[in-house]
Amino acid sequence: MQTDNEKYNETVQPNTAFLNELKEKLPEFFTREGSFNLNKFRNQLKDKNINELSEGYQLDFIGKDYARRQAGEMPTTVIVPDEKQNQGEGKNSNNLFFTGDNLEVLRHLQNNYQNKIDVIYIDPPYNTGSDGFVYPDSFEYSDDQLKDMFELDDDQVERLKSIQGKSSHSAWLTFMYPRLALAKRLLSQKGLIFISIDDNESDNLHVLMNEIFGESNFLMQIAWRRTDNQPNLGELAKVKEYVLAFSVNPNDRELGRVPLSGKALNEYRYEDQNGRFRRGILLDKTRGRFNYPIETVSGNEVDGPWMVTEDQFKKLDEEGLIYWTNSGKELPYKKTYLKDNKGAIVNDFWGIEAGTNQRASSEFLNLMGKRYFDFPKPTNLIKQILHLSDSDALILDFFAGSSTTADAVMQLNAEDGGHRKFIMVQLPEKTYHTNKNGKEVPTNGGKIAYEDGFRSIDEISRERIRRAAKKIKKDNELTLPEDFDGSFKHYRFVKPVKQTLEDIEDFNPNNTDLFTNMVDGFSSESLKIDGDATGEETILTTWLAKDGYPFDADVEEVKFDNYTAHKVEDNRLYLVNEGLGASQTKELLNQLGTHQLEIQSVVIFGYSFNVAELRELENGLKQLDSKVTLIKRY
């Protein structure tokens, strides 16, 4: 038997994700059968005097339809809570760390984090040819299936499959497209997305982002100086990378400001009882436009030309904002206090004040003791980005790498008392491979990490967060906010093991007897991962995300005799385990009938119920006065 998501994925077309989004935003252009009424849409464009045949362009590449289809597929993984972490050091944390393929994670998050992320920052593979990027998808569909899905001939199928294991531009774009398309739907109405890139794919990325986000949502392409010194590598030296920035509503939100540079701070070198201030010129023979007499402290008279009107000058004087020099010729200046400065307006070039690769490497080395990553990003770069959003922003990084973003979020919260929260996503890329003899052999880039006990990149990422939090607490012992969040909850996104998939395929819902406990197949132990999660906890976590509940949703245990169910927000009741017999069903129906239990739906794990148990529950719910929906999931 197929799972519900597998059945859905068989019907997905390249434009499914787009049509679903369009249907949500513009339902009036869809027929009762769910088809898009193109003629009606064209007429609407004409009514608004928009020329639908106006000149335009778009980015085409091998694999584009496949990538679009991937953006519309449902996840085939389950979400396994790391109970050791979540009930231990991360119990009270609102930060999240997800281990798994970021495409699968983003698919899951469509349900419970759509329109909720304020800032996305990612540092994806640059596709330089030396950064290890190759297209990872092995095309799980047969040639005949690919032909049917995309109406391809034999040669076109071969061209599509040619990107497997390659680092071509098409391979990189096919990899990035579905991830960016899914990321867009997660951004809030004040959402911002920032992507680090270099010259190799910056042009392609810009056109791709224009297509997904819209040209009007482009903010800027920031040039960032990534090196402290000019490298001596011949006549041409590349010293910069880029951060491409897009906004959901660029015209409806005001960007935050970045901190003043050291040079700008030095301008505030004067001080009075109200604090530090800098002097602003009021008398200027070139730019001044107003002439009127002003009497100096000693009784002399200065006629101008002034930068402000006479009334404006008097107002500044009344407010104590005039500073008189007392050496040489007496001159008035305008006081601008540091406490009133909201920071600098962001520009599209960031120098070494935003950190460099060398400083990032030193930062990581001082924290972790070894260099496990070649090119980590500096926390100052991420902090500069985060200054452009709010102090309570929810930040997502789905190429977490060394967890620089998490470190930057915690540092900034410690500095300004903010309540930013992070969500990190990292693939559990191994630091070793297993040879023919079954022996573990470190990878070329993973040798040092492997020898230090790290079996995968995500382990390093999480350890960096722990050490960074410890350092922040030590460095800010006297000023750290009481509610500082220096931890995270951890979840793994994994595919069920082969045996569980075979059990699912062989399951017959019409059997009166259940021969296999399907729930146990989803425990940490059965899935061969750490974390101490039961199968019930995995299924429940996966379903809560599917039904739109955040990972900190309030889940309450409810007993029916000796059977334990789980209720969420007086809304849904989840029945996962086997064992709901006649007496337990009777107790459940009794609590519903007497309104001891108020819910709108009962969700059951279909594999845990035989046909007789299902029928008894279905019939009982139909007889209730209040309408309670039964949802069966497989």
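The values are calculated or read from the model by the stated rules, or taken from the named source; none is laboratory data. Source: prediction; values computed, not measured. Quick reminder, even Gly has a Cβ in these numbers, built from the backbone with ideal geometry, and neighbours come from all protein chains shown.
You will find that of 101, 60, 123, 118, the residue that is acidic (Asp, Glu) and without any contact (Cβ under 8 Å) to a residue 24 or more places away in the chain is 60 and no other. Every condition in (1) buried (at least 16 other Cβ atoms within 10 Å of the Cβ); (2) touching an Asp or Glu at 6+ places or on another chain (Cβ under 8 Å); (3) part of a helix (DSSP H, G or I); (4) modelled with pLDDT under 95 is met by residue 353 except one, and the failing one is (2).
Can you tell which of 211, 235 is part of a helix (DSSP H, G or I), modelled with pLDDT under 95 and not β-branched (Val, Ile, Thr)? Residue meeting the stated conditions: 211.
When segment 457-494 is filtered for residues that are touching a strand residue (DSSP E or B) at 6+ places or on another chain (Cβ under 8 Å) and either outside any helix (DSSP H, G or I) or farther than 30 Å from residue 443 by Cα (or both), the ones remaining, listed by number, are 485, 488, 489, 490, 491, 492, 493, 494.
Listed by position, the strands (runs of 3 or more DSSP E) enclosed by segment 262-345 include none that has at least 2 residues that are among the polar types (S, T, N, Q) and more than 47 Å from the chain's Cα centre (by Cα). So which residues in segment 28-57 are closer than 23 Å to residue 213 by Cα, modelled with pLDDT of 70 or more and either of a type in the set (Val, Ile, Thr) or surrounded by fewer than 10 Cβ atoms within 10 Å (Cβ to Cβ) (or both)? 38 - this is the single residue of segment 28-57 that is closer than 23 Å to residue 213 by Cα, modelled with pLDDT of 70 or more and either of a type in the set (Val, Ile, Thr) or surrounded by fewer than 10 Cβ atoms within 10 Å (Cβ to Cβ) (or both). Within segment 292-304, the set of residues being over 15 Å from residue 334 (Cβ atoms) and out of contact with any Phe, Trp or Tyr (no Cβ under 6 Å at 6 or more places or on another chain) comprises 292, 293, 295, 296, 298, 299, 300, 301, 303. A search for C-beta distances below 6 Å between a residue of segment 1-27 that is free of Cβ contacts under 8 Å to residues at least 60 places away in the same chain and not assigned by TED's automatic domain parsing to the domain that holds residue 149 and any residue that is small (Gly, Ala, Ser) and part of a helix (DSSP H, G or I), counting only pairs 6+ apart in sequence or on different chains, returns 16/72.
Scanning segment 475-527 for residues that are within 24 Å of residue 85 (Cα to Cα) and of a type in the set (A, V, I, L, M) yields a count of 5.
Considering (1) within 30 Å of residue 240 (Cβ to Cβ); (2) in contact with a strand residue (DSSP E or B) (Cβ under 6 Å, 6 or more places away or on another chain), the lone condition that residue 361 does not fulfil carries the number (2). Sort out which residues of segment 549-585 are among the polar types (S, T, N, Q) and over 20 Å from residue 632 (Cβ atoms), and write them in order of number. Listed by number, the residues that qualify are 562, 583.
Checked against the criterion of being exposed (fewer than 15 other Cβ atoms within 10 Å of the Cβ), touching a helix residue (DSSP H, G or I) at 6+ places or on another chain (Cβ under 9 Å) and not assigned by TED's automatic domain parsing to the domain that holds residue 106, the candidates 623, 600 yield just one match: 623.
Checked against the criterion of being under 22 Å from residue 533 (Cβ atoms), of a type outside the set (A, V, I, L, M, F, W, C), without any contact (Cβ under 8 Å) to a residue 12 or more places away in the chain and surrounded by 11 or more Cβ atoms within 10 Å (Cβ to Cβ), segment 476-487 has no qualifying residue. Would you confirm whether or not segment 165-172 contains a residue that is buried (at least 22 other Cβ atoms within 10 Å of the Cβ), not basic (Lys, Arg) and not in a loop (DSSP other than H, G, I, E, B)? Yes, because at least one residue in segment 165-172 is buried (at least 22 other Cβ atoms within 10 Å of the Cβ), not basic (Lys, Arg) and not in a loop (DSSP other than H, G, I, E, B).
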